[in-house]
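Notes follow once the structure below has been shown.
The values are calculated or read from the model by the stated rules, or taken from the named source; none is laboratory data. Source: prediction; values computed, not measured. As a convention, Cβ positions derive from the backbone with ideal geometry for all residues, glycine included, and neighbour counts pool all protein chains shown.
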Amino acid sequence: MFVLVLFLLLFIILIDILAAVLAAFFVTMSEQRVILRGGQIVTERGVICADVAIQGDTIVEIGQSILPQADDNVVDCESLTIMSGLVDLHVHLREPGFSAKETIATGTMSAAAGGFTTVCPMPNLNPAPDSVENLEQELELIRRDAKVKVVPYATITRNRYGRELVDFDSMKESVAGFSDDGSGVQSEEVMRQAMAEAARTESIIAAHCEINELLRKGYIHDGEYARLHNHRGICSESEWGQIKRDIELARAAGCRYHVCHISTKESVELIRQAKAEGVKITCETAPHYLTMCDMDLQEDGRFKMNPPIRSAEDRDALVAGLQDGTIDVIATDHAPHTADEKSRGLELSAMGVVGLETSFAVVYTKLVKTGVISLEKAVDIMSAAPRRIFGLSGGLAVGQKADIAIFDLNEQWTVNPAEFKTMGRATPFEGWPLQARCRMTIVDGKIVYKR
């Protein structure tokens with residue numbers, strides 16, 4: 001009797017498995033393939049001319065002249081460039097709490113228009129994602145409204161006040177890492193504890209580095225432009241001083257430590273040396289720090305961000321750090337505000353500018369076309385490296401999810417904020433002539449943006 005029952009159970013299990021396999025087979029067979037045909041494929045490893053076949057949400061073939069089937073949707077990519085969707089590790093989507101500035105829907109539509117398929121929003125929200133319950137409010141909005149993949153940060157401390165640590169264990173599986181972005185953690189002891197927790201839970205600390213007592217009510221770089229125009233400056237040490245402290249804490253804890261939006265030559269050198277010594281440190285900078293200096297400022301709120309655009313010497317050091325691998329990632333720090341908040345000049349405007357829709361074009365025009373970095377390097381630092389560092393899925397390869405950006409690298413255009421998908425309009429690149437523009441963005445095999 002026992003043998004008979006066991007046999008029946010095994011038979012039922014086998015029938016269930018067979019049914020599942022057949023169901024998956026027929027679903028796959030019924031799904032229309034999308035063939036991206038005739039494009040130039042760029043990865044961090046090189047450039048090839050090949051077709052890409054997508055079925056469902058997955059890349060199923062990459063090769064020369066893929067033969068279309070009767071029901072395939074063939075997308076002509078002649079003269080276009082196909083790459084893995086871009087990843088932005090540092091954006092502000094403003095929800096929950098500040099939907100007058102941006103929403104999940106508008107921010108992720110802006111990301112799609114810029115070729116981004118994954119973004120990581122910072123936690124300066126209301127409520128701040130400092131608990132499972134508060135994080136869930138943000139995740140619910142993401143599930144409902146996001147056009148691209150969104151992997152948020154949780155805070156390091158409760159309410160980003162820099163005093164009491166959050167529960168890393170309860171949120172680590174749902175977030176990219178832990179950050180108090182917008183505020184540097186002032187207490188060395190609190191940061192030591194945070195790094196110990198990050199090491200224990202195998203999480204990443206993504207630090208906004210800023211020493212409050214060195215700010216002295218400054219609002220632009222403490223450099224030549226500030227002196228010429230009688231503005232209060234922010235000294236470079238307010239950034240690199242905290243990086244120096246945190247490097248020693250990260251060394252002792254053995255945790256992964258990512259430095260947000262570096263802007264000074266001293267920051268580059270400190271991180272370069274820490275990497276050489278084996279500290280688990282990575283960092284990012286933004287397009288405006290790589291392409292502008294303080295003498296490019298104008299008396300306009302669209303040139304105000306934190307950290308500020310610094311000197312030509314700082315800019316050149318950042319470029320050198322990008323070339324030699326000290327700087328791992330270019331992120332935007334996309335930070336939209338209302339028109340009123342950005343209309344009050346350099347002193348009184350809110351800190352932050354938008355960047356998702358201009359980022360790749362600025363990098364391509366000012367760094368790739370000029371020979372500063374290769375196109376493959378640009379794809380690495382804007383797509384592959386963020387995925388590697390933060391363990392994010394994707395990549396232009398068979399078996400990966402079809403998260404793809406298609407660019408026309410020959411298209412010339414002028415930055416006009418009135419055309420942006422984001423609610424923010426403040427950009428230091430307004431009026432810049434650029435080259436390279438996103439034509440199509442695909443997320444999980446679905447076209448989420450087409451121009």
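Worth a mention:
- Being surrounded by fewer than 20 Cβ atoms within 10 Å (Cβ to Cβ) and in a helix (DSSP H, G or I) is a description that applies to Glu248.
- A Cβ distance below 8 Å, combined with a sequence gap of six or more or placement on separate chains, defines the contacts here; from segment 287-305, residues that are within 20 Å of Arg425 (Cβ to Cβ) reach no residue that is surrounded by fewer than 22 Cβ atoms within 10 Å (Cβ to Cβ) and modelled with pLDDT under 95.
- Residues (among the hydrophobic types (A, V, I, L, M, F, W, C) and assigned to a loop (DSSP other than H, G, I, E, B)) located in segment 92-121: Leu93, Phe98, Ala100
- Filter pass, Val34 being under 25 Å from the mean Cα position of the chain (by Cα), surrounded by 17 or more Cβ atoms within 10 Å (Cβ to Cβ) and not in a loop (DSSP other than H, G, I, E, B): no
- Residue-level analysis places Asp16 outside the set of residues that are over 30 Å from Thr106 (Cβ atoms), part of a loop (DSSP other than H, G, I, E, B) and modelled with pLDDT under 95.
- Residue within segment 148-160 that is within 22 Å of Gly391 (Cα to Cα) and of a type in the set (Lys, Arg) present: yes
- Selected residue (only one of Ala317, Ala312, Ala274, Ala226 is touching a residue at least 40 places away in the same chain (Cβ under 8 Å), more than 25 Å from Asp340 (Cβ to Cβ) and small (Gly, Ala, Ser)): Ala317
- Selection count where residues are under 11 Å from the mean Cα position of the chain (by Cα), β-branched (Val, Ile, Thr) and surrounded by 23 or more Cβ atoms within 10 Å (Cβ to Cβ), scope segment 148-163: 1
- Elements of type helices (runs of 4 or more DSSP H) contained in segment 333-451, each with 1 or more residues being modelled with pLDDT of 95 or more and closer than 24 Å to Gly321 by Cα: 359-363, 375-379, 385-390
- Meets criteria (in the same structural domain as His261 (by TED's automatic domain parsing), assigned to a strand (DSSP E or B) and not hydroxyl-bearing (Ser, Thr, Tyr)) for Leu89: yes
- Restricting attention to segment 298-316, the residues that are surrounded by fewer than 22 Cβ atoms within 10 Å (Cβ to Cβ) and of a type in the set (A, V, I, L, M, F, W, C) total 1.
- Scanning segment 167-197 for residues that are more than 23 Å from the chain's Cα centre (by Cα) and either crowded, with 23+ Cβ neighbours inside 10 Å or of a type in the set (A, V, I, L, M, F, W, C) (or both) gives Val190, Met191, Ala196.
- Residue check for Gly241: out of contact with any Ser or Thr (no Cβ under 9 Å at 6 or more places or on another chain), free of Cβ contacts under 8 Å to residues at least 40 places away in the same chain and part of a helix (DSSP H, G or I): yes
- A count restricted to segment 433-451 and to residues that are aliphatic (A, V, I, L, M), under 16 Å from Val52 (Cβ atoms) and surrounded by fewer than 21 Cβ atoms within 10 Å (Cβ to Cβ) stands at 1.
- Of Val42, Val74, all but one fail to be surrounded by 18 or more Cβ atoms within 10 Å (Cβ to Cβ), part of a strand (DSSP E or B) and β-branched (Val, Ile, Thr); the exception is Val42.
- Just so you know, in segment 45-79 the residues that are of a type in the set (Val, Ile, Thr) and within 30 Å of His334 (Cα to Cα) include one that is modelled with the lowest pLDDT, and it is Val47.
- Check on Ile82, under 19 Å from Arg33 (Cβ atoms), modelled with pLDDT of 95 or more and either among the hydrophobic types (A, V, I, L, M, F, W, C) or within 17 Å of the chain's Cα centre (by Cα) (or both): yes
- Applying the condition of being polar (S, T, N, Q) and loosely packed, with under 14 Cβ neighbours inside 10 Å to segment 48-71 and asking which residue is farthest from Glu411 (Cα to Cα) yields Gln69.
- Condition met for Glu269 (among the acidic types (Asp, Glu), in a helix (DSSP H, G or I) and at pLDDT 95 or above): yes
- You will find that of Thr108, Thr103, the residue that is modelled with pLDDT of 95 or more, assigned by TED's automatic domain parsing to the domain that holds Val150 and surrounded by 22 or more Cβ atoms within 10 Å (Cβ to Cβ) is Thr108 and no other.
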